[in-house]
Amino acid sequence: MSREVQSTSGEISPIIKEKAPLILVEIQKAKSILLHFHPSPDPDSVGSALAMKFALEQIGKKVTVIKGDSEFPRGFKHFPGAGEIVEKNFLEIDQSQFDLFIIIDSAQPQMVSRRGEIKFAPNLKTIAIDHHATNRQFAEINLLESAYPASCQILFDLFKLWEVKLTPEISANLFIGIYTDTGAFKYRGVTQHTYEIIGELVKHIPDVSDLITRMENSNSPQLIAFEAAALDSIEVFCGGRFALAAVPSTVIKSKNIPTADVRTSEVSSFMLTVAEWDFVAAAAEIDSNVIKFSFRSKDIEKYDVAKLTESLGGGGHRAAAGLILRMPFDEAKKLVVQKAEELYKL
Ligand SMILES: [Mn+2]
């Protein structure tokens, strides 16, 4: 009996094959290349920038990685290359020092920096490489493969096509990005191709378990305090289908929770494990009247959370998306519930 296999093919995606040589030409022309981490960086952002740094250096290029808006999370400090990051965001650098900016895992200019308006200098060529379906294709060359579960998976294919040699440094960074962005290989978008890549990468990583556990076992007591406050705040809407956790800034301040520990995405992932809830959000007031939301959905046909966040100015994937609202805390909560009812006809 034969079974049709579609998205599980081990092939490199056609769009990556098409764009790989165009991107390589720009890299070869460039003298000084800039890479960044997006605000509140996750391991896919950090791993892809650091893996790209090592690949470009192998090609013989001068590369600078800037840390961007956020503090560098302590759980990622053992990623190879993490010691060579420049402590600046995009608005603090001198753009004339670079001729190419490769913007990875960032769907919109605000993911380069949220500290001000992003304007690229005329001398600075821009290339965006991303897997977020909501990517606005704001660079000069855009490589968007939204079927891939991680930007690091796109990079693996690019490196293969560019004949970059897999080193322990490149492999560890790509592995950790794919591992986390797929929820340890369980989210939609993981295919046979993903597993084949992982099989290749682990050949070059001396201790995979150490790489993962050092990242995961780096939490602070304040993170647990944030999660406790968030879980304690859960309210249920939309006839029991939608659960919303929301922590106001007063609570964050009173518990001395640093920004790095306001990890709404971890709370929303945990909330989604409740069988009764079809979609969930975890929110935190990160500044007075600035509320960050992280959405998760079990049923992307009925509850496409990228659609919801996009309708309010955010972005992301159908099963996991984010949003920042600038308004009073209670208004933001109300608006999100109202939008969900309207969009999903609940
Ligand atoms: Mn990603």
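For region 221-343, give me the percentage of DSSP beta bridges that are antiparallel, rounded to the nearest 5 percent. Could the numbers behind the result be given before it?
Working: 20 of 26 bridges.
Of the beta bridges lying entirely in region 221-343, close to 75 percent run antiparallel.
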- In what order, largest first, do LYS255, LYS345, LYS125, LYS307 sit by accessible area if the probe radius is 1.4 Å? LYS345, LYS307, LYS255, LYS125
- Query: Any idea what the dipole of the chain comes to, in debye rounded to 20, about its Cα centre with Lys/Arg Cβ at +1 and Asp/Glu Cβ at -1?
  - Reply: 320
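Where a ≥ b ≥ c are the square roots of the eigenvalues of the C-alpha gyration tensor, would you call region 14-216 rounded, which needs a/c under 1.5, or, failing that, prolate if a/b is larger than b/c, or oblate?
In terms of gyration-tensor shape, rounded.
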- Measuring from the longest principal axis of the C-alpha atoms of the chain, the long axis of helix 43-58 (C-alpha) lies at a number of degrees, nearest 10, equal to 10
- Query: Using modelled backbone amide H atoms (1.01 Å from N, in-plane), which distant-in-sequence or interchain residues come within less than 5 Å of ILE103's amide H?
  - Reply: ILE127, ALA128, ILE129
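Heavy atoms only, probe 1.4 angstrom, no DNA, RNA or ligands counted: give me SER171, SER254 ranked by accessible area, highest first. Intermediate results must be reported in sequence, preceding the final value.
On the way: SER171 0, SER254 90 Å².
Largest accessible area first, the list is SER254, SER171.
Restricting to DSSP H runs of at least four residues, report the calculated mean residue ellipticity at 222 nm for the chain, -39500 (n - 2.57) per run over all residues, nearest 500 deg cm²/dmol.
On the way: 11 runs with 125 residues, N = 346.
Taking each H run of at least 4 residues, the total per residue is -11000 deg cm²/dmol.
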- Put +1 on the Cβ of each Lys and Arg and -1 on the Cβ of each Asp and Glu in the chain; which of ILE252, PHE120, ILE33 then has its Cα farthest toward the positive end of the dipole? PHE120
- Task: Write out the trypsin sites (Lys or Arg not before Pro) in region 180-245 meeting two conditions: DSSP loop, and at most 15 other Cβ atoms within 10 Å of their Cβ.
- Result: LYS186, ARG188, LYS203
- Under 19 Å from the ASP287 label point (7 Å along Cα→beta-carbon), backbone N, region 77-92: 88-92
- Note on the structure: Any residue on another chain or 5+ positions along whose placed amide H is under 5 Å from the amide H of ARG241 is listed here as none
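Under the definition of Cα pairs under 8 Å and six or more residues apart, what whole-number percent is the relative contact order of region 265-346?
Numbers: 141 pairs, mean separation 19.6, N = 82.
So the answer I get is 24 percent.
When only Cα pairs under 8 Å and 6 or more residues apart are kept, what is the percent relative contact order across the chain?
On the way: 660 pairs, mean separation 47.7, N = 346.
Once divided by the residue count of the chain, the mean separation gives 14 percent.
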- Counting only DSSP beta bridges with both partners in the chain, the antiparallel fraction in percent, to the nearest 5, comes to 45
- Looking at ALA225, LEU100, LEU56, which one has the Cα that reaches farthest to the positive end of the dipole of the chain (charges on Cβ: Lys, Arg +1; Asp, Glu -1)? LEU100
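Once you keep just the Cα pairs under 8 angstrom separated by 6 or more residues, what percentage relative contact order results for region 14-216?
Numbers: 384 pairs, mean separation 49.3, N = 203.
Normalised by residue count, the contact order of region 14-216 is 24 percent.
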- Message: I need the phi-derived Karplus couplings for region 74-82: 6.51 cos²θ - 1.76 cosθ + 1.60, θ = phi - 60°, integer Hz, Gly and Pro marked x.
- Response: 5, x, 9, 5, 8, 5, x, x, 4
- How far apart, in nm, are two points set 7 Å out from the Cα along the Cα-to-Cβ line at HIS204 and at LYS345? 5.0
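Just to confirm the filter: which GluC sites (Glu not before Pro) across region 1-107 are DSSP coil and have at most 14 other Cβ within 10 angstrom of their Cβ? Don't skip to the end; give the middle numbers.
Working: sites: GLU4, GLU11, GLU18, GLU26, GLU57, GLU71, GLU84, GLU87, GLU92; in loops: GLU4, GLU11, GLU71, GLU87.
Loop-located and lightly packed - GLU4, GLU11, GLU71, GLU87.
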- In sequence order, calculated HN-Hα J values of region 274-283 (Karplus, 6.51, -1.76, 1.60; Hz; x Gly/Pro): 6, 4, 6, 9, 7, 9, 9, 9, 10, 10
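The values are calculated or read from the model by the stated rules, or taken from the named source; none is laboratory data. Not measured: the values here are computed from a predicted model. Note that each Cβ is placed from the backbone with ideal geometry, even for glycine, and that neighbours are counted across all protein chains shown. The area values use the complete protein model at the heavy-atom level, side chains included, leaving out ligands, DNA and RNA. Shrake-Rupley method; radii C 1.70, N 1.55, O 1.52, S 1.80 Å.
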